[in-house]
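What follows is a single structure, written as structure tokens, with notes after it.
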Amino acid sequence: VQAAGRALPALADATAFNSASEGWYFDAKERRGTLHVRTAAQDIRQPLQLQLDFAVAAAAADDAYPAAPVLGRELPADSLLVVNRPAEEPGHALENAFDDDPATWFRSVRNQAVRTGAHEWVIGFGERKMIDGIDIAPRNDKNWKHGQVRDYEVYLGDSNGEWGEPIARGHLQLKEGTQRIDFPAHAGRLLRFRVLSVQNPEGDGASSTDPMVTAAQGSARAFDALQPRDVGPIALSTFHILEHQEPERPARQRYLSELPVPAALASQVHADKAFTGDAGMRMNGLQFRRGLGVSANSRIDLRLQGGWRLLRADLGIDDACRTAGGLQFQVWGDNRLLYDSGLVKAPGVVKPELDIRGFSTLSLRTLGAQGSQPAQVCANWANAVLIGQEGDSASIVAP
């Protein structure tokens, strides 16, 4: 061992090391081999350089670790929760379709005495994810043709029961083995799958053979709104939800105050300063260098491109108008309310961190001013920043 080119004395053991002013010793048993080094006192403003010269021993057998498994895009079974179940055959729960065991199946009840219409289920992920596909496969025995899904709909959402329009709908082929349902990536915490019809390998019964029935129907099948949709039982050996994956790019963040503000918003928004006067933004006595100072009733619309992930901000009433009253902050994404602060008064500051994956527009709003001088209330989107990756872009658009 050398310190700054000078060889340090080798010491016999820990006792000799503890009593020496400098030197080194090697303990082969401590943490599978540890080198202890002590140098004489040195000014901390000077660099300390150590040089170690030692023979490299052969690696022990237990140092040979197996390669890490290659992870696919399937969400792991232990991260999924069945929120709403279909009518399941006893012993054939829906979890059997995503347990990675081909010998286990999900099967809906085969008793058709009570018909309920479409089969459907809801699966939760535990956290918000970007989803862009489903792998689905029928039973894997000689009767694979029976109980196959034909027409389907896929929904993705953040709250159970609030689905909107399906993100995908389609028609699967009568096919042995796995089929993939692809759709544009959408973000959500819950996936809802609806089975609207099943394959019928024997044809559609009398409607395909009886000329009296086909003549009556013409090109459309008869429909009775008071009867549930006729959907036979289904069986699945595989149902995997696929997470959207993009190549990792360098991280990027963009302060909203760096974006050009359209002239039409000049009466509502000031970049990097409070809306009242020319002073910087200050809340509860703390100075904020970056952000947007806004009036009591303001709206800032953003157009997003790329894969922005988060919006962060410190929201509150500026100290310059703290006696005037308080107001609400809201964030809307694609015309959907994402965040409402409730009434914020000085010196309170709230710090939202919102997952904005999958949104193409954001709208930042202040409203509901209350207090002794509601027209004079001013507020700050301090430290308002978008977090994403290189290549993502954003702009403020005129109302």
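The values are calculated or read from the model by the stated rules, or taken from the named source; none is laboratory data. Quantities reported herein were computed from a predicted structural model and do not represent experimental measurements. Every residue, glycine among them, receives a Cβ derived from its backbone with ideal geometry; neighbour counts consider all protein chains shown. Accessible surface is based on the protein model in full, side chains and every heavy atom, while ligands, DNA and RNA are left aside. Shrake-Rupley method; radii C 1.70, N 1.55, O 1.52, S 1.80 Å.
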>> Can you find a residue that is under 22 Å from Arg189 (Cα atoms), part of a strand (DSSP E or B), touching a Leu at 6+ places or on another chain (Cβ under 6 Å) and modelled with pLDDT of 90 or more anywhere in the range 135-150?
In response: no
> Across the range 224-283, which residue is farthest from Asp314 (Cα to Cα) among those that are in a strand (DSSP E or B) and of a type in the set (Gly, Ala, Ser)?
Replying inline: Ala235
>> Quick check on Glu22: is it of a type in the set (Asp, Glu), over 30 Å from Trp121 (Cβ atoms) and more than 48 Å from the chain's Cα centre (by Cα)?
In response: yes
>> Cβ-Cβ under 6 Å, sequence separation 6+ or interchain: first residue in the range 180-194 and without any contact (Cβ under 8 Å) to a residue 12 or more places away in the chain, partner open to solvent by 70 Å² or more (accessible area, probe 1.4 Å) and outside any strand (DSSP E or B). Which pairs?
In response: none
> Among Asp318, Asp314, which is modelled with pLDDT of 95 or more, under 20 Å from Lys273 (Cβ atoms) and touching a Cys at 6+ places or on another chain (Cβ under 8 Å)?
Replying inline: Asp318
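Residues are listed down the side, and each one gets a yes or a no for (1) open to solvent by 50 Å² or more (accessible area, probe 1.4 Å); (2) in contact with a helix residue (DSSP H, G or I) (Cβ under 9 Å, 6 or more places away or on another chain):
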{"site": "Thr276", "(1), (2)": "yes, yes"}
{"site": "Gly280", "(1), (2)": "no, no"}
{"site": "Ala296", "(1), (2)": "no, yes"}
{"site": "Ile300", "(1), (2)": "no, yes"}
>> Among the residues of the range 361-388, what is the count of those that are open to solvent by less than 60 Å² (accessible area, probe 1.4 Å) and farther than 14 Å from Ser295 by Cα?
In response: 10
> Which one of these is more than 24 Å from the chain's Cα centre (by Cα) and either within 15 Å of Pro233 (Cβ to Cβ) or of a type outside the set (S, T, N, Q) (or both): Ala185, Ala103?
Replying inline: Ala103
> Is the range 41-57 home to any residue that is on the phi > 0 side of the Ramachandran plot, of a type in the set (A, V, I, L, M, F, W, C), open to solvent by 40 Å² or more (accessible area, probe 1.4 Å) and touching a residue at least 24 places away in the same chain (Cβ under 8 Å)?
Replying inline: no
> Limited to the range 361-393, what total is found for residues that are small (Gly, Ala, Ser) and either assigned to a strand (DSSP E or B) or within 13 Å of Val331 (Cα to Cα) (or both)?
Replying inline: 8
>> Give all pairs with beta carbons closer than 8 Å in which a residue from the range 156-167 that is in a strand (DSSP E or B) meets a residue that is of a type in the set (Val, Ile, Thr) and surrounded by 10 or more Cβ atoms within 10 Å (Cβ to Cβ); count only pairs at least 6 apart in sequence or on separate chains.
In response: Leu156/Ile131; Leu156/Ile167
> Which of the residues belonging to the range 66-84 are modelled with pLDDT of 95 or more and open to solvent by 70 Å² or more (accessible area, probe 1.4 Å)?
Replying inline: Leu81
>> As an exercise: evaluate Arg249 against (1) touching a residue at least 60 places away in the same chain (Cβ under 8 Å); (2) open to solvent by less than 30 Å² (accessible area, probe 1.4 Å) and give the number of the one condition it does not meet.
In response: (2)
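Being open to solvent by 20 Å² or more (accessible area, probe 1.4 Å), under 32 Å from the mean Cα position of the chain (by Cα) and modelled with pLDDT under 95 is the requirement here; does Gly342 meet it?
On the way: open to solvent by 20 Å² or more (accessible area, probe 1.4 Å): yes; under 32 Å from the mean Cα position of the chain (by Cα): yes; modelled with pLDDT under 95: no.
It is false that Gly342 is open to solvent by 20 Å² or more (accessible area, probe 1.4 Å), under 32 Å from the mean Cα position of the chain (by Cα) and modelled with pLDDT under 95.
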> (1) at pLDDT below 95; (2) surrounded by 16 or more Cβ atoms within 10 Å (Cβ to Cβ): which one isn't true of Lys175, the others all being true?
Replying inline: (2)
